[in-house]
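Contents: one structure, followed by commentary.
Nothing in this text is a laboratory measurement; each read-out follows from the coordinates by a stated rule. Every value quoted in this text rests on a predicted model; they were computed, and no experiment measured them. All Cβ positions, glycine included, derive from the backbone under ideal geometry; neighbour counts span all protein chains shown.
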Amino acid sequence: MDIKKVAVIGGGTMGNGIAHVFALHGFDVYLTETSEALLDKAINTITSNLDRQVKKQNITEDQKNETLKRIIRTVGIEKIPVDVQLIIEAIYENKEAKLALFKKLEDRMNVNCIFASNTSSISITELSAVCRPDKFIGMHFMNPVPVMKLVEVIRAYSTSDETYNTIKELSYKLDKEPVEVFDYPGFISNRILMPMINEAVFALMEGVASKEAIDSVMKLGMAHPMGPLTLADFIGLDVCLAIMNVIFEGYNDSKYRPCPLLKKMVAANKLGRKTGEGFYKYS
Ligand code: CAA
């Protein structure tokens, strides 16, 4: 299928980044939120990220303006045209909310529309079962979406080869590298990343080293662009904890138990950058 028209549902960090990348690469994007105020916020973020790309001379001012023109403000899923060829769901990480959304979309959208979820850890197979299993897939982008090359393409139990191949080709058109992964808890990205972050929090809790020292070891010794505690603040500690819980419960293996300090910080609402404080303070 030649995809030209897409809808992105959710304009938060991931959703606005996904809309940005699709629009920049020539797709018409119905960016869907629940209110005008949330759309304003998403479009302001996209504009400032495009400005950053103009400043770095990665794109021209004209490309920026064309990109913004291709983003169609959409309040409510009822306003998404039924003939879009791909829907990417990027709402908050809550299984019941995602299941309810996909059930509604199933009743409304054309039968050949592909449904994708950007979930970071919820089972793609479980989501696919309430709508169109063969035309359902995980498209897991990384934050910041305009910068990171990876799209983890997750095949649900019944995802067809045709759906997979369409999404693989589409990812190349976005100038991304698709990587095929099967649906198991945490997929590959978070199955490996989150236990590393969790272990860094254990090391901090046990007093093995200071937070700065832990981050320095991984930055200077392993060439990671951010240390694990800085990265946890960037992702959001609540997101890290939720993903650890999915992996822990999914494998029922104590090696994935979330660190008590991570749980305590989430309980204290020290969620990282988004609340102004996590392992570090942000102004
Ligand atoms: N939009 C557009 N461009 C952006 C951007 C954004 N939001 N953020 C950064 N950039 C661009 C900058 O313009 C810059 O471009 P050039 O290379 O052309 O100069 C480049 O990215 C680097 O940015 P900076 O120089 O400002 O800062 P930096 O060198 O410190 O890099 C970073 C910032 C790209 C975020 C880098 O620190 C990094 O790669 N960190 C690790 C990010 C990571 O691990 N992401 C995955 C998180 S896990 C996840 O997303 C999945 C999940 O399910 C939880």
*In segment 171-262, if every C-alpha pair distance is counted and binned at 10 Å from zero, what percent goes to each bin?*
16, 42, 32, 10, 1
*Positive end of the charge dipole of the chain (Lys, Arg +1 and Asp, Glu -1 on Cβ, about the Cα centre): tell me which of Ile46, Met205, Ala242 has its Cα farthest that way.*
Met205
*Please list, or write none, the aspartates and glutamates whose alpha carbon is within less than 16 Å of the alpha carbon of Lys104, excluding same-chain residues fewer than 8 places away.*
Glu33, Glu78, Asp83, Glu89, Glu96, Glu126
*Using +1 at the Cβ of each Lys and Arg and -1 at the Cβ of each Asp and Glu in the chain, identify which of Ala90, Val6, Asn252 lies farthest towards the dipole's positive end.*
Ala90
_Please compute the modelled spin-label separation between Lys104 and Thr275, points set 7 Å along Cα→Cβ, answer in nm with one decimal._
2.8 nm
_Skipping prolines and chain starts, which residues have an amide H placed within reach, meaning under 5 Å, of the one on Met109, given they are 5 or more residues away or on another chain?_
none
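Please report the antiparallel percentage of DSSP beta bridges with both residues in the chain, rounded to the nearest 5.
On the way: 7 of 34 bridges.
Counting only bridges with both partners in the chain, antiparallel ones make up about 20 percent.
Using helices alone, what [θ] at 222 nm do you get for the chain, with -39,500 (n - 2.57) per DSSP H run of 4 or more residues, divided over all residues and rounded to the nearest 500? Write out the running numbers ahead of the final one.
Working: 11 runs with 133 residues, N = 283.
Rounded to the nearest 500, the figure is -14500 deg cm²/dmol.
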*Output ³J(HN,Hα) for segment 177-192: one whole-Hz value per residue in order, computed from phi by the Karplus curve 6.51 cos²θ - 1.76 cosθ + 1.60 with θ = phi - 60°, and x for Gly and Pro.*
9, x, 10, 7, 9, 9, 7, 9, x, x, 6, 9, 3, 7, 5, 9
*Check Ser117: other-chain or 5+ apart residues with amide H under 5 Å from its amide H, H built from backbone geometry?*
Glu89, Ile137, Gly138, Met139
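List the relative contact order of segment 155-264 as a percent without decimals, with contacts defined as Cα pairs under 8 Å and 6+ residues apart.
Working: 88 pairs, mean separation 26.9, N = 110.
About 24 percent, as a whole number.
Give me the percent relative contact order of segment 5-182, please, defined on Cα pairs under 8 angstrom at least 6 residues apart.
On the way: 329 pairs, mean separation 37.3, N = 178.
Relative contact order for segment 5-182 comes out at 21 percent.
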*Please determine, in degrees from 0 to 90 and to the nearest 10, the orientation of helix 237-251 with respect to the longest principal axis defined by the Cα atoms of the chain, where the helix direction is its Cα long axis.*
90 degrees
*asked:* Taking the alpha-carbon distance from Lys274 and a cut-off under 27 Å, which lysines remain once sequence neighbours fewer than 8 residues away in the same chain are dropped?
replied: Lys41, Lys55, Lys56, Lys64, Lys95, Lys98, Lys149, Lys176, Lys211, Lys219, Lys263, Lys264
_Give me the three principal axis extents of the chain from the C-alpha atoms, as integers in angstrom, largest value leading._
56, 45, 32
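So for each of 193-206, 21-34, 267-280 I average, over its residues, the number of other beta carbons within 10 Å; can you give me the resulting order with the highest mean first? Intermediate values should be presented prior to the final figure.
Working: 193-206: 19.2, 21-34: 21.6, 267-280: 16.7.
Listed from highest to lowest mean packing, they are 21-34, 193-206, 267-280.
Given axes a ≥ b ≥ c from the Cα gyration tensor, I'd like to know whether segment 1-84 is rounded (a/c under 1.5), prolate (a/b larger than b/c) or oblate. Intermediate values should be presented prior to the final figure.
Values: a/c = 2.36, a/b = 1.37, b/c = 1.73.
In terms of gyration-tensor shape, oblate.
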*Helix 95-108 sits at what angle to the longest principal axis of the chain, using alpha carbons and giving 0 to 90 degrees rounded to 10?*
10 degrees
